[in-house]
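A.B. asks: Below you will find the structure I want to go over with you.
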Amino acid sequence: MKAVDELVKQPGSWLKVGGNTGIIVSSRVRLARNICGRRFPAWAGEEESVRLLHDLTPVLGRLQACRDPIVLEIGALNRMEKEILIERHLMSRDLAEKGKGSAVVLKHDESVAIMVNEEDHIRMQAMSPGLNLRNLLKQIDAVDSEIESSVEYAFSPQLGYLTACPSNVGTGIRASVMLHLPGLVLMNEINSIIKAVGKMGLAVRGLWGEGTDAAGNMFQLSNQTTLGETEQTIVERLEKIVLEIDEHEKSGRTRLFEQKENQIRDHFGRAVGILTHAHMLNSKETLDMLSALRLGLEMGLGGGWQSAMIDELFLLTQPGHLQKLEGRVIGSEKRDLARARLIRQKLIDGHI
Amino acid sequence: MLCQICGKKEATVHLTQMLNDAVRKMHLCEQCAEASGIDVNVPASMSNFLLGLGAPKKAKSESVDRVCPQCGMHFSDFKKVSRLGCQNCYAAFADELEPLLNGMQKGMRHVGKKPAHYAGAVNVPPSSASLKKALEEAVASENYEEAARIRDQIHEAENSATGRLSGHGQGSAAAENSVASKKERH
């Protein structure tokens, strides 16, 4: 699909080149909505889902807030394209597994993505690099209001927006922030932070969401409750906690350098060595090495690479993107070869 | 008077049902009433019964597998898939969902964004809790006309329908369905 080919050429809205992201990598705000009087997707069956998508497509396809949005029906995408959209955080793995009647609608710069017939009829998100929750809430709120002007949502004054899972009912909001926390991991402080954050009602997940581990020391923090508070309160609490964790990470890095300078220099040097010389690299090792490289660059240990390029490698070395660059579907051994080759090229060419 | 269901035992439970504006009385024996999910000890549960919010707690512990009249989902289905079938499931399974929401959410009342036609309303619509209380009072004082009006108000508030994209007419049809589905179990 041409639209997906075009996407691969740009850096992805959560990893915009030039945005020096540091500890706080990206922010995302999504809203879950359903259409009044229609069964929720999992209970609706294909025929009803197809009809809903048919009814929604003209509404979503002409959203002012998205200026000429790209509408991608899931049934029309091949596996590689789906993988790319998942890796770019533009759709979920659950949506990729749906057939007819599901779609994702994208703004060209990928800052807005709307999934149709995933767990709920509509799941819309706004995403950007860095900590930007309040702006994203405004942005997605505008998209929501625009959709609402032509659609009747399932809403109850008591329970708010009614969602397929009661864990989303009320505001239907999920605000999340991606953080790179190698300092806290290396100082063995991450578990107590995760525990504390859990007590404050936030969920911690890995880089690619639910069920994934924190490969590359990337952590996603998000709100867990959606009912009983306003969207602003929820977003502001997350922001506050994220800023606190940002401080902890900075202090962790300082102490790391004070206590284990030799080890941390070694850690960085080995990552540079492996990334610039390895002939085969699997996904997990790549993420861990890129994390060490990113940390070393931010701590001024050497290098001469742009952090934005390192961030881009986090994305380009994922299976879907790698296969797209290679122009074909390849098995895991060939992927490991291609991944190592790409990283060598980028790091050697991109060295200042 | 004999029970209208089994026709054998003496009717000791006297129910008044409302379908739209028609008032209908039912006389049941205790066993048949309980089998229908009616708590014979709590008269206030009438309003729940009328609303289609389901039978009160006692019946639940006797493993009544409630069904949503709108989409046909049973509560046992929800327990398996953890996803509700439609918006009306929130009303149909209100008793079962309440402890669940209590455990997983910060509050029990939405205070965030509202669709424009709610937000723009001059008068804030009364909360559904207060409406339900008023409904119970109306039923208790046998003011059925008033009770019917409040019931419609509750359904209207919960499923307000406009000309925009939505499913087919919800409002009073849902109320009718929920009462009808209760009747089927008799």
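The values are calculated or read from the model by the stated rules, or taken from the named source; none is laboratory data. Predicted, not measured: the structure shown is a model, and the values here were computed from it. Please note: Cβ atoms are built from the backbone with ideal geometry, for glycine as well, and neighbour counts cover all protein chains shown.
A.B. asks: Do we have A:Gln158 as more than 7 Å from chain B (Cβ to nearest Cβ) and of a type in the set (S, T, N, Q) here?
C.D. replies: no
A.B. asks: Also: Consider A:Glu239 carefully, then state whether it is in contact with a helix residue (DSSP H, G or I) (Cβ under 6 Å, 6 or more places away or on another chain), in a helix (DSSP H, G or I) and over 29 Å from B:Leu101 (Cα atoms).
C.D. replies: no
A.B. asks: When you look at A:Arg205, is it within 14 Å of chain B (Cβ to nearest Cβ), within 14 Å of the chain's Cα centre (by Cα) and either surrounded by fewer than 22 Cβ atoms within 10 Å (Cβ to Cβ) or part of a loop (DSSP other than H, G, I, E, B) (or both), yes or no?
C.D. replies: no
A.B. asks: Suppose we keep only residues that are crowded, with 20+ Cβ neighbours inside 10 Å and out of contact with any Asp or Glu (no Cβ under 7 Å at 6 or more places or on another chain) within the stretch A:249-266. Which one would you say is nearest to A:Met200 (Cα to Cα)?
C.D. replies: My answer is A:Glu249.
A.B. asks: With the checklist (1) surrounded by fewer than 18 Cβ atoms within 10 Å (Cβ to Cβ); (2) free of Cβ contacts under 8 Å to residues at least 24 places away in the same chain in hand, flag the one item B:Arg83 doesn't pass.
C.D. replies: With respect to (1) surrounded by fewer than 18 Cβ atoms within 10 Å (Cβ to Cβ); (2) free of Cβ contacts under 8 Å to residues at least 24 places away in the same chain, B:Arg83 is out only on (1).
A.B. asks: Kindly indicate whether A:Thr233 is within 26 Å of the chain's Cα centre (by Cα), hydroxyl-bearing (Ser, Thr, Tyr) and either assigned to a helix (DSSP H, G or I) or more than 27 Å from A:Leu322 (Cβ to Cβ) (or both).
C.D. replies: yes
Table: residues versus (1) within 30 Å of A:Asn78 (Cβ to Cβ); (2) surrounded by fewer than 19 Cβ atoms within 10 Å (Cβ to Cβ); (3) aromatic (Phe, Trp, Tyr).
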position	(1), (2), (3)
A:Arg270	no, yes, no
A:Ile274	no, yes, no
A:His277	no, yes, no
A:Trp305	no, no, yes
A:Lys324	yes, no, no
A:Val329	yes, yes, no
A:Gln345	yes, yes, no
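A.B. asks: Moving on. Pairs only if they're at least six apart or on different chains, beta carbon under 7 angstrom, first in the stretch A:230-254 and under 23 Å from B:His110 (Cα atoms), second part of a helix (DSSP H, G or I); list them, first residue then second.
C.D. replies: Between residues of the stretch A:230-254 that are under 23 Å from B:His110 (Cα atoms) and residues that are part of a helix (DSSP H, G or I), the close pairs are A:Glu231/A:Leu137; A:Val235/A:Leu133; A:Val235/A:Arg134; A:Val235/A:Leu137; A:Leu238/A:Leu133; A:Glu239/A:Leu133.
A.B. asks: Can you tell me which condition A:Met91 does not meet? The list is (1) outside any loop (DSSP other than H, G, I, E, B); (2) farther than 16 Å from A:Gln10 by Cβ, and all the others hold.
C.D. replies: It fails just one condition, (1).
A.B. asks: Please determine whether any residue of the stretch A:142-153 is within 12 Å of chain B (Cβ to nearest Cβ), under 26 Å from A:Glu87 (Cβ atoms) and assigned to a loop (DSSP other than H, G, I, E, B).
C.D. replies: No.
A.B. asks: Let me ask you something else. Among the residues that make up the stretch A:28-47, is at least one of them part of a helix (DSSP H, G or I) and either under 16 Å from the mean Cα position of the chain (by Cα) or buried (at least 23 other Cβ atoms within 10 Å of the Cβ) (or both)?
C.D. replies: Looking through the stretch A:28-47, at least one residue is part of a helix (DSSP H, G or I) and either under 16 Å from the mean Cα position of the chain (by Cα) or buried (at least 23 other Cβ atoms within 10 Å of the Cβ) (or both).
A.B. asks: Are any of the residues in the stretch A:175-198 part of a loop (DSSP other than H, G, I, E, B), surrounded by fewer than 19 Cβ atoms within 10 Å (Cβ to Cβ), within 14 Å of another protein chain (Cβ to nearest Cβ) and touching a residue at least 24 places away in the same chain (Cβ under 8 Å)?
C.D. replies: Within the stretch A:175-198, none of the residues are part of a loop (DSSP other than H, G, I, E, B), surrounded by fewer than 19 Cβ atoms within 10 Å (Cβ to Cβ), within 14 Å of another protein chain (Cβ to nearest Cβ) and touching a residue at least 24 places away in the same chain (Cβ under 8 Å).
A.B. asks: Within the stretch B:68-125, which residues are modelled with pLDDT under 90, part of a helix (DSSP H, G or I) and at the interface with another protein chain (Cβ under 7 Å from one of its Cβ atoms)?
C.D. replies: Result: B:Ala116, B:Tyr118.
A.B. asks: Moving on. Does any residue of the stretch A:104-116 turn out to be touching a Gly at 6+ places or on another chain (Cβ under 9 Å) and modelled with pLDDT of 95 or more?
C.D. replies: Yes, the stretch A:104-116 contains a residue that is touching a Gly at 6+ places or on another chain (Cβ under 9 Å) and modelled with pLDDT of 95 or more.
A.B. asks: What is the number of the single condition among (1) farther than 25 Å from A:Cys165 by Cβ; (2) outside any helix (DSSP H, G or I); (3) not small (Gly, Ala, Ser) that A:Gln263 does not meet?
C.D. replies: Against the list (1) farther than 25 Å from A:Cys165 by Cβ; (2) outside any helix (DSSP H, G or I); (3) not small (Gly, Ala, Ser), A:Gln263 comes up short only on (2).
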